[in-house]
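Right, one structure below, let's go through it.
The values are calculated or read from the model by the stated rules, or taken from the named source; none is laboratory data. Please read all numbers here as calculations on a predicted model, not as lab measurements. Neighbour counts are summed over all protein chains in view; Cβ atoms, including those assigned to glycine, are modelled from backbone coordinates with ideal geometry.
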Amino acid sequence: MEQKFVLNIIDKKQIPETEPERQYYFMDIAKEYVKQLSEAKGNPLTFHVSTFGCQMNARDSEKLVGILEKVGYVEEDSEKADFVIYNTCTVRENANNKVYGRLGYLNGFKKKNPFMMIGMCGCMMQEPTVVEKIKQSYRFVNLIFGTHNIYKFAELITTAMENSFGPQHKKGMSMTIDIWKDTDKIVEDLPVERKYSFKSGVNIMFGCNNFCSYCIVPYVRGRERSREPKEIIREIERLVADGVVEVMLLGQNVNSYGKNLETPMSFAELLQEIEKIEGLERIRFMTSHPKDLSDQLIEVMKHSKKICKHLHLPLQSGSSRILKEMNRRYDKEHYLELVEKIRAAVPDIALTTDIIVGFPGETEEDFEETLDVVRKVRYDSAFTFIYSKRTGTPAAAMEEQVPEEVVKNRFDRLLKEVQTISAEKASALTGQTLPVLIEEQNGQDEHLVTGRLSNNSTVHLPGSADLIGKIVDVTLTECKGFYYIGELS
Ligand code: SAH
Ligand code: SF4
Ligand code: F3S
């Protein structure tokens, strides 16, 4: 579509060199551009962020939203918005394919809307082949950036708007690309908008150093770096002052928190500090790597009043041989011992896990070992994945990739086992009265609300919207498969 509107470019004088000041400077400029564009359009410019992947990406999206709102964009619940951003995931191949499919569909909207921009960010953009493909086949994308420079978003959208709507704009020449290989930088104090008023994710560390042999995350998220404890505490204190009662501490391997700090601090110690924050009621964390789960952490969980009774402890495989090939650095026995220790310390804890089926060289015996652990641990729930070959990871070069139909068969057997056990365990709390954090109104029935138990199970109960964000005692009257029905006690 022929570009009619031309942005009046602002002269940049004395751009601050330090962060976050530099980003606030660009937010002011972006705000002016959004104003110009909105006036030309005759309506406020809208945005929509679509998030793929894990909690890290969900939190990153909140940071994008924080800045978009700060510069004057208005959120819209549709991909027909004036600025659509895909925050992508690349942990498995099928995640990538989905994104390409949807990009084509987005272009249909863009052709009809001269004010529309499309942005791509997240883990997929850290892969050079992906960026190459977008450059070749999806020329209509306006902005591409990666996971390491997301803090520069205000500056990036300023450049993208100048390139897309400024005088130098030539049809088909407007793509703005900025991808970094890695960073050791952590920029604090940028705007962030929460999806929920009463709970929030909090990054405690970024990146991953584990290099599990199947996993692409260390390549796209860079080396592990922890935030300073005082910054984490300060952020949580502010969140609590703003009405947050539950935080989810985020990291690819929270159990190795603090190793690279100037004054090292363990994850267990950090939890003890967070526990002291008045007004904070619940603490969750994600994800725990079994190799780094310490006795100290189990002890802290045992005595804590705020840490939720839920531990996500990815198993990946029950076969010690495969675990070694996966570079997980624990074996079946160690994993089972850990589970025993945790259950002895926190008897009613819910355990959940991630399992990969069909890792290269996995035999029927190896798979039986996985089933054996599943039966012994009896997980409350488990995410099961079919192994996906990620180019550049050591496992991708391994011989003996398992034939597809064998993997499919194992996957179905595993899923059945996992589901049978979850169903048996699901009703364990029926009859008890327990605290529930009310999270939202029920989509179907406005007289019902939905909340979560400490162990992360869902509860539906009669109640009104004013309960949202409150922790109330609920009697669990009935279990319906994967959720409870309850009533206020
Ligand atoms: N840091 C977390 C996991 C992040 S990725 C941890 O170590 O536990 C989330 C899950 O995706 C992993 O636990 C794993 O089960 C799965 N996963 C990662 N790479 C995969 C691959 N190549 N194929 C299939 N599943 C994979
Ligand atoms: Fe991937 Fe392993 Fe790091 Fe988890 S710990 S993100 S599975 S490399
Ligand atoms: Fe996906 Fe990146 Fe998370 S690859 S799982 S969004 S860290």
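Of note:
For every residue, the table says whether it meets (1) under 19 Å from the mean Cα position of the chain (by Cα); (2) more than 14 Å from ligand 1 (Cβ to nearest atom); (3) surrounded by fewer than 17 Cβ atoms within 10 Å (Cβ to Cβ).
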{"residue": "ILE216", "(1), (2), (3)": "yes, no, no"}
{"residue": "GLY222", "(1), (2), (3)": "yes, no, no"}
{"residue": "GLU231", "(1), (2), (3)": "no, yes, yes"}
{"residue": "LEU271", "(1), (2), (3)": "no, yes, no"}
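- Scanning the stretch 86-127 for residues that are touching a residue at least 60 places away in the same chain (Cβ under 8 Å), within 16 Å of ligand 2 (Cβ to nearest atom) and surrounded by fewer than 22 Cβ atoms within 10 Å (Cβ to Cβ) turns up VAL91, ARG92, GLU93, GLU127.
- Looking across the stretch 262-281, the residues that are more than 29 Å from HIS334 (Cα to Cα) and among the charged types (D, E, K, R) come down to GLU262, LYS276, GLU278, GLU281.
- With respect to the conditions (1) surrounded by fewer than 21 Cβ atoms within 10 Å (Cβ to Cβ); (2) within 20 Å of ILE342 (Cα to Cα); (3) touching a Leu at 6+ places or on another chain (Cβ under 9 Å), LEU293 lacks only one, and its number is (1).
Residues checked against (1) within 23 Å of TYR196 (Cα to Cα); (2) at pLDDT below 95; (3) within 16 Å of ligand 2 (Cβ to nearest atom):
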position	(1), (2), (3)
ILE232	yes, no, no
ILE236	yes, no, no
GLY243	yes, no, no
MET248	yes, no, no
ASN255	no, no, yes
GLN272	no, no, no
LEU280	yes, no, no
ARG284	yes, no, no
HIS289	no, no, yes
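- The single condition among (1) among the β-branched types (Val, Ile, Thr); (2) surrounded by fewer than 22 Cβ atoms within 10 Å (Cβ to Cβ); (3) under 15 Å from VAL202 (Cβ atoms) that THR263 does not meet is (3).
- Condition met for ALA40 (away from ligand 2 (no atom under 16 Å from the Cβ) and either without any contact (Cβ under 8 Å) to a residue 40 or more places away in the chain or surrounded by 15 or more Cβ atoms within 10 Å (Cβ to Cβ) (or both)): yes
- The C-beta contact set for the stretch 53-64 (first residue closer than 16 Å to PHE153 by Cα, second residue within 13 Å of ligand 1 (Cβ to nearest atom) and at pLDDT 95 or above, distance under 8 angstrom, 6+ apart or interchain) comprises ASN57/CYS89; ASN57/CYS123; ARG59/LEU250.
- Residue that is farthest from ligand 3 (Cβ to nearest atom), among those in the stretch 69-82 that are in contact (Cβ under 8 Å) with a residue 40 or more places away in the chain and out of contact with any helix residue (DSSP H, G or I) (no Cβ under 7 Å at 6 or more places or on another chain): ASP82
- Test for SER78: is it away from ligand 2 (no atom under 16 Å from the Cβ) and not in a helix (DSSP H, G or I): yes
- The strands (runs of 3 or more DSSP E) found wholly in the stretch 419-489 and carrying at least 1 residues that are more than 29 Å from the chain's Cα centre (by Cα) occupy 433-441, 458-462, 471-480, 483-488.
- Some residue of the stretch 34-57 being more than 23 Å from the chain's Cα centre (by Cα) and assigned to a strand (DSSP E or B): yes
- If you go through the stretch 108-123 and pick out every residue that is at pLDDT below 95 and within 16 Å of ligand 3 (Cβ to nearest atom), you end up with 0.
- Tally, over the stretch 212-268, of residues that are in contact with a Pro (Cβ under 6 Å, 6 or more places away or on another chain) and closer than 30 Å to ILE471 by Cβ: 2
- Looking at LYS152, LYS171, just one residue is touching an Asp or Glu at 6+ places or on another chain (Cβ under 8 Å) and modelled with pLDDT under 95, and that residue is LYS171.
- In the stretch 362-386, residue nearest to ligand 1 (Cβ to nearest atom) [restricted to those that are crowded, with 21+ Cβ neighbours inside 10 Å and among the aromatic types (Phe, Trp, Tyr)]: TYR379
- Positions within the stretch 313-326 being part of a helix (DSSP H, G or I) and either of a type outside the set (Ser, Thr, Tyr) or modelled with pLDDT under 95 (or both), in sequence order: ARG321, ILE322, LEU323, LYS324, GLU325
- Residue count, the stretch 368-403 (criterion: closer than 19 Å to THR287 by Cα, touching a Ser or Thr at 6+ places or on another chain (Cβ under 7 Å) and not in a strand (DSSP E or B)): 2
- Unique match (being farther than 26 Å from LYS70 by Cα and either outside any loop (DSSP other than H, G, I, E, B) or among the basic types (Lys, Arg) (or both)) among LYS98, LYS152: LYS98
- Within the stretch 327-352, the set of residues being touching a residue at least 40 places away in the same chain (Cβ under 8 Å), part of a helix (DSSP H, G or I) and over 26 Å from the mean Cα position of the chain (by Cα) comprises LYS332, HIS334, LEU336, LYS341, ALA345.
- Test set (1) within 29 Å of ASN456 (Cα to Cα); (2) crowded, with 19+ Cβ neighbours inside 10 Å - ARG343 fails condition number: (2)
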